[in-house]
1. Mind counting the residues in the range 49-82 that are at pLDDT 90 or above and hydrophobic (A, V, I, L, M, F, W, C)?
2. What residue, among those in the range 93-114 that are under 18 Å from E76 (Cβ atoms) and touching a Ser or Thr at 6+ places or on another chain (Cβ under 8 Å), is surrounded by the most Cβ atoms within 10 Å (Cβ to Cβ)?
3. Suppose we filter Q85, Q43 for residues that are loosely packed, with under 14 Cβ neighbours inside 10 Å, at pLDDT 90 or above and over 30 Å from A111 (Cβ atoms); which single one remains?
4. Only residues that are under 33 Å from the mean Cα position of the chain (by Cα) and not hydrophobic (A, V, I, L, M, F, W, C): list them for the range 86-112, please.
5. Mind checking which pairs have a first residue in the range 41-54 that is closer than 12 Å to C24 by Cα and not assigned by TED's automatic domain parsing to the domain that holds V23 and a second that is modelled with pLDDT under 90 and surrounded by 10 or more Cβ atoms within 10 Å (Cβ to Cβ), Cβ under 8 Å, 6 or more apart or different chains?
6. Hey, can you tell me all the residues within the range 1-40 that are modelled with pLDDT under 90 and basic (K, R)?
Amino acid sequence: MPDRPPRNDVETTSPTPRSCCPVCGTGFLRNRRQRYCSPACRQAAWRARHLTPAASVAALPIRRPRRDTTVYACAECEQRYLGQQWCPDCQRPCRRVDIGGRCPHCDEPVAVTDLLP
């Protein structure tokens, strides 16, 4: 009968090899099929694998209404208004001129396109 190696050979009696965590890179002693050094690293890896497109959409900046900074002009009386879409004198809707603000000298609504050459 051929000689068989004893049952407690090198493969079964060697200590657990030291592994490297794929998330944080720290070394740790593996316990069975353990891949990560801690539950926090395991959770971080799961979140990275299951990243949803909705999570990236949530990072977009919040849009603000631009009506407060828009200059409107009445088609009837040619009066300009800042942030008002209706002419209070003519009771008609105004047309949008452009984004602008109040003139620092005369306090009248001025559009950006009026200032550009």
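1. Total meeting the criteria: 6.
2. V97
3. When all the criteria are applied, what remains is Q43.
4. Quick first cut of the range 86-112, residues under 33 Å from the mean Cα position of the chain (by Cα) only: 96-101, 111-112.
Correct list: R96, D98, G100, G101.
5. Between residues of the range 41-54 that are closer than 12 Å to C24 by Cα and not assigned by TED's automatic domain parsing to the domain that holds V23 and residues that are modelled with pLDDT under 90 and surrounded by 10 or more Cβ atoms within 10 Å (Cβ to Cβ), there is no close pair.
6. If the condition is that a residue be modelled with pLDDT under 90 and basic (K, R), then R4, R7, R18, R30, R32, R33 are the ones that fit.
The values are calculated or read from the model by the stated rules, or taken from the named source; none is laboratory data. Keep in mind the model is a prediction, meaning the values are calculated, not measured. Here Cβ is always computed from backbone atoms with ideal geometry, including for glycine, and neighbour counts include all displayed protein chains.
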